[in-house]
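The values are calculated or read from the model by the stated rules, or taken from the named source; none is laboratory data. Just so you know, these numbers come straight off a predicted model, no measurement behind them. With ideal geometry, Cβ positions are generated from the backbone for all residues, glycine too; neighbour counts draw on all protein chains shown. Accessible surface areas use protein heavy atoms only, side chains included; no ligands, DNA or RNA. Shrake-Rupley method; radii C 1.70, N 1.55, O 1.52, S 1.80 Å.
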Amino acid sequence: MNKGKFITIEGSEGAGKSTNIHFIQNYLNKKNIEFISTREPGGTPVAEKIRDLLLDKANTSLCDDAELLLMFAARSQHLNELIIPALEAGKWVLSDRFTDASFAYQGGGRGLSWEKIAQLEQWVQGSLRPDATILLDIPVDIGMQRVRERGETDRFEQEQLSFFNRIREAYLKLANDNPERFHVIDTQPSIEDVHKQLSVVMEKLTVQV
Ligand code: TMP
């Protein structure tokens, strides 16, 4: 049996991940492609418990290395329990964030060493990388405005604008360094326009099946 495709969705805060993931799910359903939809950190019961630790605002003392290691602990569980078995069963996997988020948030945002993150990536994933990554891009001030309008913020969303500027830069650098894997979508225009951009990407990915 063919392996499924592994698609990850990334973006800065307020880039509209939920709405656009919903659009991609509908697209795959219409094409009769069997897929699972999941998220990071999280996706399995153990990894969701790690997510709670990571997002809890009460954990003000969590140090940057522990944050990074917890992301990869959750990822290891997620890969072994859910992602790899699904891909091997021929299903597509749609993940709301994956390792690019560790490079962007812990590398770009927190300033941790890119090499250390790459070592963890190698250890936890071996040669497994997403087949395609959709980066939903939005200027930081607009994205953060949307997050604040939503109300309740988590441990990450409480950070300063400079933290999110570094994250956006890191995401754009990752996209620039991996042009064959990344598809950058500008989410500033109307929802119809964003969906048009997404359809073009999804068309390319699904004709390659
Ligand atoms: P979410 O808000 O998109 O559900 O993601 C949860 C938060 O976790 C978000 O602020 C990004 C952050 N994150 C990291 O810092 N590193 C990672 O590796 C992942 C997967 C998420």
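Could you list, in sequence order, the residues of segment 152-182 that are open to solvent by less than 30 Å² (accessible area, probe 1.4 Å) and of a type outside the set (A, V, I, L, M)? If you could, list the steps in order and put the result at the bottom.
So the first thing to find is which residues in segment 152-182 are open to solvent by less than 30 Å² (accessible area, probe 1.4 Å), and the list is 155-157, 163-164, 167, 170-171, 174-175, 182.
Passing the criteria: Arg155, Phe156, Glu157, Phe163, Phe164, Tyr171, Phe182.
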_Among the residues that make up segment 54-69, is at least one of them more than 12 Å from the ligand (Cβ to nearest atom), under 25 Å from Val184 (Cα atoms) and not acidic (Asp, Glu)?_
no
*Please go through segment 12-40 and pick out each residue that is modelled with pLDDT of 95 or more, open to solvent by less than 20 Å² (accessible area, probe 1.4 Å) and under 12 Å from the mean Cα position of the chain (by Cα).*
Ile21, Thr38, Glu40
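If we keep just the residues of segment 96-129 that are closer than 25 Å to Gln188 by Cα and assigned to a loop (DSSP other than H, G, I, E, B), which is farthest from the ligand (Cβ to nearest atom)?
We begin by selecting, within segment 96-129, every residue closer than 25 Å to Gln188 by Cα; these are 96-105, 108-109.
Subset that is assigned to a loop (DSSP other than H, G, I, E, B): 97-98.
Working: Arg97: 4, Phe98: 6 Å.
Checking each candidate, the answer is Phe98.
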*Please find, among Val147, Val194, the residue that is modelled with pLDDT under 90 and part of a helix (DSSP H, G or I).*
Val147
*How many residues does segment 82-95 contain that are β-branched (Val, Ile, Thr) and within 15 Å of the ligand (Cβ to nearest atom)?*
2
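Keeping to segment 19-73, report how many residues are of a type in the set (Gly, Ala, Ser), in contact with a strand residue (DSSP E or B) (Cβ under 6 Å, 6 or more places away or on another chain) and part of a helix (DSSP H, G or I). Reasoning before the result, please.
Step one: filter segment 19-73 for residues of a type in the set (Gly, Ala, Ser), giving 37, 42-43, 47, 58, 61, 66, 73.
If we keep only those that are in contact with a strand residue (DSSP E or B) (Cβ under 6 Å, 6 or more places away or on another chain) as well, we get 37.
Then keep just the ones that are part of a helix (DSSP H, G or I); that gives none.
Counting residues in segment 19-73 that are of a type in the set (Gly, Ala, Ser), in contact with a strand residue (DSSP E or B) (Cβ under 6 Å, 6 or more places away or on another chain) and part of a helix (DSSP H, G or I) gives 0.
Name the residue, out of Leu205, Leu198, that is over 17 Å from Phe103 (Cα atoms), under 17 Å from the mean Cα position of the chain (by Cα) and surrounded by 17 or more Cβ atoms within 10 Å (Cβ to Cβ).
On the way: Leu205 fails: under 17 Å from the mean Cα position of the chain (by Cα).
After applying the criteria, what remains is Leu198.
Restricting to segment 74-91, and then to whatever is touching a Gly at 6+ places or on another chain (Cβ under 7 Å) and outside any loop (DSSP other than H, G, I, E, B), can you tell me which residue is nearest to Pro130 (Cα to Cα)? Show your work before the answer.
Looking only at segment 74-91, we keep the residues that are touching a Gly at 6+ places or on another chain (Cβ under 7 Å), and these are 74, 78, 82, 86-87, 90-91.
Still in the running and outside any loop (DSSP other than H, G, I, E, B): 74, 78, 82, 86-87.
Values: Ala74: 17, His78: 14, Leu82: 15, Ala86: 14, Leu87: 11 Å.
Top of the filtered list is Leu87.
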